[in-house]
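This report concerns only the one structure given below.
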Amino acid sequence: MDKFNLLVVGGGINGVGIAADAAGRGLSVLLCEQQDLGWATSSSSSKLIHGGLRYLEQYEFRLVHHALAEREVLLKNAPHIIRPLRFRLPHRPHLRPAWMIRTGLFLYDHLATRVSLPASARVRMDEQSPLLADIDTCFEYSDGWVDDARLVSLVAQQARNHGALILPRTRCTAARRENGAWRVELTDPLGQIREVLAKTLVNAAGPWVGRFLQDGVKEHTHNSIRLVQGSHIIVPRVNDQSYAYILQHTDGRIVFVIPYEQQFSLIGTTEVEYQGDPGQVQISQGEIDYLLGVVNSYFKVKLTAEQIVHSFSGVRPLLDDHQDSAGKVTRDYRFELSEEDSDAPLLTIFGGKITTYRRLAQAAVNKLATYFPEMGRPWTASAALPGGDFEHLDSLIKELTGTWSWLDTKVLGRYAKQYGTLTNALLAGCQSMMDLGKHFGQGLYQKEVDYLCEQEWALSAEDILWRRTKLGLHFSSAQREQLAKYLQCKA
């Protein structure tokens with residue numbers, strides 16, 4: 001029977017982050033995920049690497065400081081999938097006075113050292129503004145944009161590159177302590193059961209963290225999570241500028257309007273208490289009306305529900321700090337270490353946010369250091385994610401164009417932004433467009449599909465079109481069916 005130092009349950013960003021950190025320190029690691037990597041919360045975010053400007057109003061200074069510091073780390077380590085993004089916050093005096101916004105932005109600029117991003121500024125709007133005529137002032141600041149699902153895949157690859165075994169679509173159906181170790185039952189999609197031993201078990205199951213404690217390991221906890229639904233809509237581009245907008249609302253919340261996939265705008269998020277199955281979450285009509293209403297109260301262009309081309313919802317597993325409203329619940333994290341058997345500890349992860357995943361993972365593995373005295377030192381702060389070993393995207397595109405001059409420039413540009421220097425591995429052996437194989441549409445070729453199946457654990461059309469890429473926004477139903485048939489035959 002195989003034995004591991006660490007078995008991680010959950011293939012969201014926290015789970016893969018812990019697997020990568022631990023594997024890089026020399027521990028033997030297995031990670032299991034009941035569905036595709038990042039299929040739930042970690043692919044349903046607002047796609048931002050940010051400090052959390054609005055958290056300053058809740059006096060979450062430590063969280064904002066840590067998130068701002070991590071923003072710089074991630075911008076450096078993953079320049080292909082994480083890029084700077086400039087935001088504009090339209091000033092509405094009856095919602096937040098100018099002095100309050102200026103104070104908040106001053107803190108945002110100085111709570112952590114800025115290396116790659118410009119400082120905040122106040123700007124006047126002109127007649128070219130996409131905003132309503134009565135909005136004459138905006139405050140600008142910078143944060144980062146991220147392809148969240150690709151981040152999960154790249155961190156999982158980082159873990160695998162250091163020896164971790166990554167098993168998507170594998171459910172942890174039982175775990176019990178036995179002779180100073182965890183005896184864990186893993187069930188694959190065909191119902192086949194595999195048993196392994198692990199010295200330490202990490203519960204990073206996200207929205208299912210409580211259920212796993214109750215049903216999987218039969219343990220009680222002093223902490224609890226609060227499930228909060230966040231929904232987004234995607235519409236045709238509401239403005240032709242490169243800016244994202246952060247819109248204040250009368251309920252104290254904010255809504256982002258973010259440039260997305262060239263011709264679209266991503267609008268979100270909502271914050272609604274959720275009680276159902278996290279795997280079945282869907283946007284409600286109330287959330288649609290809410291998001292459209294906020295945007296229409298700021299922009300000249302008026303959106304209707306008929307213009308929504310796609311929507312997605314996720315359930316955020318927030319640490320329950322007993323706040324009255326979902327919007328005020330902390331985005332920080334907490335660990336619970338169960339040492340019922342000191343030779344077989346259980347570490348449970350509560351809360352967290354995508355921006356601080358690396359810091360959370362490092363702290364989680366640090367917490368287990370007494371059980372693995374031979375473990376190496378923290379290492380991920382200066383480690384580029386797979387494909388991220390370059391400095392400037394424009395320079396990378398120029399270099400790739402020189403190497404693969406025959407490749408369609410639009411396709412090459414997308415490859416650079418998704419795979420970085422791994423583009424060379426994807427295209428290995430190709431000398432012309434013909435070598436890319438079958439074209440499924442929208443620049444997706446058989447060569448890329450095969451690469452994603454072999455190197456990034458993709459299995460279905462949904463995995464490829466919505467998580468490994470965002471081509472699902474552009475694919476027709478006939479093209480999706482063609483891809484699905486190819487993958488069925490390939491399987």
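The values are calculated or read from the model by the stated rules, or taken from the named source; none is laboratory data. These numbers come from a predicted model, not from an experiment. Cβ atoms come from the backbone with ideal geometry, glycine included; neighbour counts cover every protein chain shown. These area figures cover heavy atoms from the full protein model, side chains too; ligands, DNA and RNA do not enter into them. Shrake-Rupley method; radii C 1.70, N 1.55, O 1.52, S 1.80 Å.
Worth pointing out:
- Here the calculated FRET efficiency for Leu132 and Glu374, from their Cβ-Cβ distance with R0 = 51 Å, stands at 0.25, rounded to the nearest 0.05.
- At a probe radius of 1.4 angstrom, the accessible area of the chain per residue rounds to 42 square angstrom.
- Over 31 Å apart at the Cα level, from the set Lys353/Lys490; Lys302/Lys398; Lys47/Lys447; Lys3/Lys485; Lys398/Lys447, are Lys353/Lys490; Lys302/Lys398; Lys3/Lys485.
- Using θ = phi - 60° in the Karplus curve 6.51 cos²θ - 1.76 cosθ + 1.60, the 3J(HN,Hα) couplings for segment 301-318 round to 5, 9, 8, 10, 4, 5, 8, 6, 8, 6, 9, 8, 9, x, 10, 8, x, 8 Hz; x is entered for Gly and Pro.
- Over all other residues within a Cβ to Cβ distance under 13 Å of Glu374, the charged ones net out to +3, with Lys and Arg as +1 and Asp and Glu as -1.
- Computed label-point distance, nm, for sites Gln285 and Val123 using a 7 Å Cα→Cβ extension: 3.9 nm
- HN-Hα J in Hz across segment 84-91 - Karplus 6.51, -1.76, 1.60, θ = phi - 60°, x for Gly and Pro: x, 9, 8, 10, 10, 10, x, 8
- Compared with the alpha-carbon gap, the fully stretched path from Arg211 to Leu393 is longer by 61.3 nm at 0.36 nm per residue.
- Over the Cα atoms of segment 148-241, the radius of gyration divided by the Kirkwood radius equals 1.10; this is the Rg/Rh ratio.
- FRET efficiency, Ala174 to Ser342 (Cβ-Cβ, R0 22 Å, nearest 0.05): 0.50
- Each pair of Cα atoms in the chain enters the Kirkwood radius, and Stokes-Einstein at 20 °C and 1.002 mPa s then converts it into a translational diffusion coefficient of 91 µm²/s.
- Less than 5 angstrom separates the built amide H of Leu444 from none of the residues sequence-distant by 5 or more or on a different chain.
- Check: the chain dipole with +1 on Lys, Arg Cβ and -1 on Asp, Glu Cβ, in debye: 580 debye
- Scalar couplings 3J(HN,Hα) for segment 234-243, obtained by applying the Karplus form with A = 6.51, B = -1.76, C = 1.60 to θ = phi - 60°, are 10, 10, x, 3, 8, 8, 9, 8, 7, 6 Hz; x denotes Gly and Pro.
- Check: segment 205-305 dipole with +1 on Lys, Arg Cβ and -1 on Asp, Glu Cβ, in debye: 180 debye
- Among Pro97, Ala69, Tyr108 - extreme Cα towards positive end, dipole of segment 39-173, charges at beta-carbon: Ala69
- Near the amide H of Arg122, within less than 5 Å, lie the amide hydrogens of Glu140, all on another chain or at least 5 residues away, with H placed in the peptide plane.
- A Cβ-based charge dipole, computed about the Cα centre of segment 285-439 with Lys and Arg at +1 and Asp and Glu at -1, lands at about 740 debye.
- Radius 12 Å from Cβ of His249, net charge of other residues (Lys, Arg +1; Asp, Glu -1): +2
- Taking only protein heavy atoms and a 1.4 Å probe, the accessible area of the chain is 50% carbon and sulfur.
- Relative contact order, whole percent, for the chain stands at 20, derived from Cα pairs under 8 Å and 6 or more residues apart.
- Projecting the Cα positions of Leu407, Val184, Ala461 onto the charge dipole of the chain (unit charges on Cβ atoms of Lys, Arg, Asp and Glu, taken about the Cα centre) puts Leu407 furthest along the positive direction.
- Long-range HN-HN contacts of Glu219 with modeled amide H, under 5 Å: Gln214
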